[in-house]
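Below is one structure, written out as structure tokens; the observations come after it.
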Ligand SMILES: [Ca+2]
């Protein structure tokens, strides 16, 4: 593969969340509406007509959240959220989108990690294309409600990112302690400047 093609594929923001591992704070039902339904490639927003299109949490002892493990460190430009449009729009309101970067390799989800807020959505919505306020890199993306007593239902979530590297392959500069994100993307990968 020619080098310029490799650089080109690394430098484009593409959808990077589909079929990746997911978790949510709790499951609303024991046998369906799992967290994986939010990255299954099915964009139906009619949750009442099917039990299989969307994820949903129950009300628990913490504000509801959903998260995806991208499997590597990505620079993330925006997150696209398809909520349910048949009911309950008010539930998808007052939430934040977080980009989470581990401080070391081989740790559990969110343990010893840096958490940056990509976007805060106050108003109720059924569809949102949220661009991060600042340049952010991370391995996990979490969507978290602010209110304790609401369910979180997500019919599909897209994360648009550029692959930066694997945390375990000596990329210590990708860990949570590294602050110079402009230095990472421009010096290590020559990526953004080549577009
Ligand atoms: Ca879906």
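Throughout, read-outs are computed from the coordinates displayed, never taken from laboratory work. This one's a predicted model, so the numbers in the text were calculated from it and none came from an experiment. When we count neighbours, we look across all protein chains shown, and the Cβ atoms used for this are built from the backbone with ideal geometry, even at glycine.
Filter region 36-56 down to the residues that are within 18 Å of the chain's Cα centre (by Cα), more than 8 Å from the ligand (Cβ to nearest atom) and under 15 Å from residue 158 (Cβ atoms) and list them by number.
Correct list: 36 only.
Looking at (1) free of Cβ contacts under 8 Å to residues at least 40 places away in the same chain; (2) within 14 Å of the ligand (Cβ to nearest atom), which one does residue 27 not meet, given that it meets all the others?
All conditions pass for residue 27, except number (2).
Condition first: touching a residue at least 12 places away in the same chain (Cβ under 8 Å) and within 16 Å of the ligand (Cβ to nearest atom). Can you find one or more residues in region 2-13 that meet it?
No, because not a single residue in region 2-13 is touching a residue at least 12 places away in the same chain (Cβ under 8 Å) and within 16 Å of the ligand (Cβ to nearest atom).
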